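Computed from the coordinates by the stated procedures, all read-outs in this text should not be read as laboratory data. Values in this document were obtained by computation on a predicted structure and should not be read as measured data. Positions of Cβ are generated from backbone atoms using ideal geometry, with glycine treated the same way; all protein chains shown enter the neighbour counts.
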Amino acid sequence: MKIFLAGAGGAIGRRLVPLLVRAGHDVIGTSRSEKGAGVVENLGAKAVIVDVYDREKIFAVLADARPDVLLHQLTDLNDFDYAANARLRVEGTTNLVDAALAAGVRRGIAQSITMAYAGGSAVASEEDPLDPQNIGVIALEKMLAEMPESVILRYGLFYGPGTWYAPDGEMAQQARRGELVATDGISSFVHIDDAARAALLALNWPPGAYNIVDDEPAPGTEWVPAFAEAVGAPPPPVQPGAKPSERGASNRKAHQLGWEPLYPTWRTGFRVGMKV
């Protein structure tokens, strides 16, 4: 297949491009800079320099590429700027999907999150509603659904190289400063390599939404101390309580389609997968 990968130089993109190339796919990867384009080319893809907010150029690039699949892995979370990321989910996704449809692309795959589910007492499944306050996530998923075949990958918290949850990541720095608090809130994690493998497999999955998380949702009182130990931080402060949305997610649906995480639990992943 010919794959148009938006976000080829990001944390997932850098793991995903080699997988796609080894699988025999023709990959066109986006970057916003010459430096980023060089990274994408070194990974084995054809790089194109484009800003997702440049609607006219996005249309021109996709019209020229005419890929089989639009694979949207763009995020904008520098400095924890959630407003910028929400804008990207809305405006950026709109531009990508509109351009893809104009170019005759049938299948779209996009990165979403499990943390967007509405509150509940049990781990979330794909049939559970999203929290209406997560406007950016809802807009992204609704826009992608306009494509004839749409696959939504709802990822858990990423850990591993290039993520916030890495030895040199922001959450490790917070843990070392004693700012990462262990609460009763439940989280679901996924190693960055497992996230990339899911995106590869999703090229052939039926349309729909899929939770891409490991096998063990866990409260912060369990995972935060383990993470702190893994990155050389002191034991964290503990604070009772949890937000309604901190419920974790089930990966049963993705399992049924053959996705088996290399790191089935963060317990081993924090120890052996942080620098892989």
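Computed log10 I(q)/I(0) for the stretch 198-246 at 0.25 Å⁻¹: -0.98, from the Debye equation with unit scatterers placed on every C-alpha and solvent omitted.
A straight Cα-to-Cα reach below 13 Å connects LYS142 with the aspartates and glutamates GLU91, ASP98, residues fewer than 8 places away in its own chain not being considered. The alpha-carbon of LYS46 sits under 21 angstrom from the alpha-carbons of these lysines, leaving out residues fewer than 8 places away in its chain: LYS2, LYS35, LYS57. Counting Lys and Arg as +1 and Asp and Glu as -1 over every other residue whose Cβ lies under 14 Å from the Cβ of GLY120, the net charge comes to -3. Stretching ASP51 away from ALA226 to a fully extended chain increases their span by 59.1 nm, per 0.36 nm per residue minus the current alpha-carbon distance. Sorting ASP26, ASP168 by the number of Cβ atoms found within 10 Å of their own Cβ, with the fewest placed first, yields ASP168, ASP26.
Computed 3J(HN,Hα) for the stretch 113-129, one whole-Hz value per residue from the Karplus formula 6.51 cos²θ - 1.76 cosθ + 1.60 where θ = phi - 60°, is 9, 7, 6, 8, 5, 5, x, x, 8, 10, 4, 7, 10, 5, 7, 6, x, glycine and proline marked x.
So, counting K/R as plus one and D/E as minus one, what does the shell of residues with Cβ under 13 Å around ALA233 add up to?
Numbers: positive: ARG176, ARG177; negative: ASP168, GLU170, GLU179, GLU229.
Spelling it out: positives minus negatives among the neighbours equals -2.
Give me the log10 of I(q) over I(0) for the chain at q = 0.09 Å⁻¹, as the Debye formula computes it from C-alpha points; what are the numbers? Results for the chain at q = 0.09 Å⁻¹ read -0.40.
How much mean residue ellipticity at 222 nm does the chain get from its helices, if each DSSP H run of length 4 or more adds -39500 (n - 2.57) and you divide by all residues, to the nearest 500 deg cm²/dmol? Spell out each step's value before the answer.
Working: 11 runs with 99 residues, N = 276.
When only DSSP H runs of four or more count, the value is -10000 deg cm²/dmol.
Sorting the segments 3-10, 182-189 by their mean number of nearby beta carbons within 10 angstrom, highest to lowest, gives 3-10, 182-189. Ranked from largest, the principal axis spans of the Cα set of the stretch 2-53 equal 29, 17, 16 Å. Above 18 Å, the calculated P(r) of the stretch 34-170 contains 62 percent of its Cα-Cα pairs. Residue by residue, the stretch 246-262 carries 3J(HN,Hα) couplings of 7, 10, x, 8, 8, 9, 4, 5, 5, 4, 5, 9, x, 7, 10, x, 5 Hz when phi is fed to the Karplus relation 6.51 cos²θ - 1.76 cosθ + 1.60 (θ = phi - 60°); x denotes Gly or Pro. Could you bin all the Cα-Cα distances of the stretch 162-276 into 5 Å bins starting at 0 and give me the percent of pairs in each, rounded to whole numbers? Taking all Cα pairs of the stretch 162-276, the binned fractions are 2, 12, 20, 22, 19, 13, 7, 4, 1 percent. Shape class of the stretch 73-150 from the alpha-carbon gyration tensor: oblate, with a/c at 1.5 or above and b/c at least as large as a/b.
Taking K and R as +1 and D and E as -1, what net charge do the other residues with C-beta under 13 Å from the C-beta of ALA254 add up to? Write out the running numbers ahead of the final one.
Working: positive: ARG154, ARG197, ARG252, LYS253; negative: GLU126, ASP194, ASP214, ASP215, GLU260.
Its environment carries a net charge of -1.
Residues TRP223, TRP164, arranged from fewest to most other Cβ atoms within 10 angstrom of their Cβ, appear as TRP164, TRP223. Residues whose amide H falls under 5 Å from that of ARG154, counting only those 5 or more places apart or on a different chain, are SER112, TYR210, ASN211, ILE212, with hydrogens built in the peptide plane. Evaluating 6.51 cos²θ - 1.76 cosθ + 1.60 at θ = phi - 60° for every residue in the stretch 95-101, the Karplus couplings come out as 5, 5, 5, 4, 5, 5, 4 Hz, glycine and proline recorded as x. What is the angle, in °, between the Cα long axis of helix 135-144 and the longest principal axis of the Cα atoms in the chain? Nearest 10 is fine, range 0 to 90. In the chain, helix 135-144 runs at an angle near 40 degrees to the longest axis.
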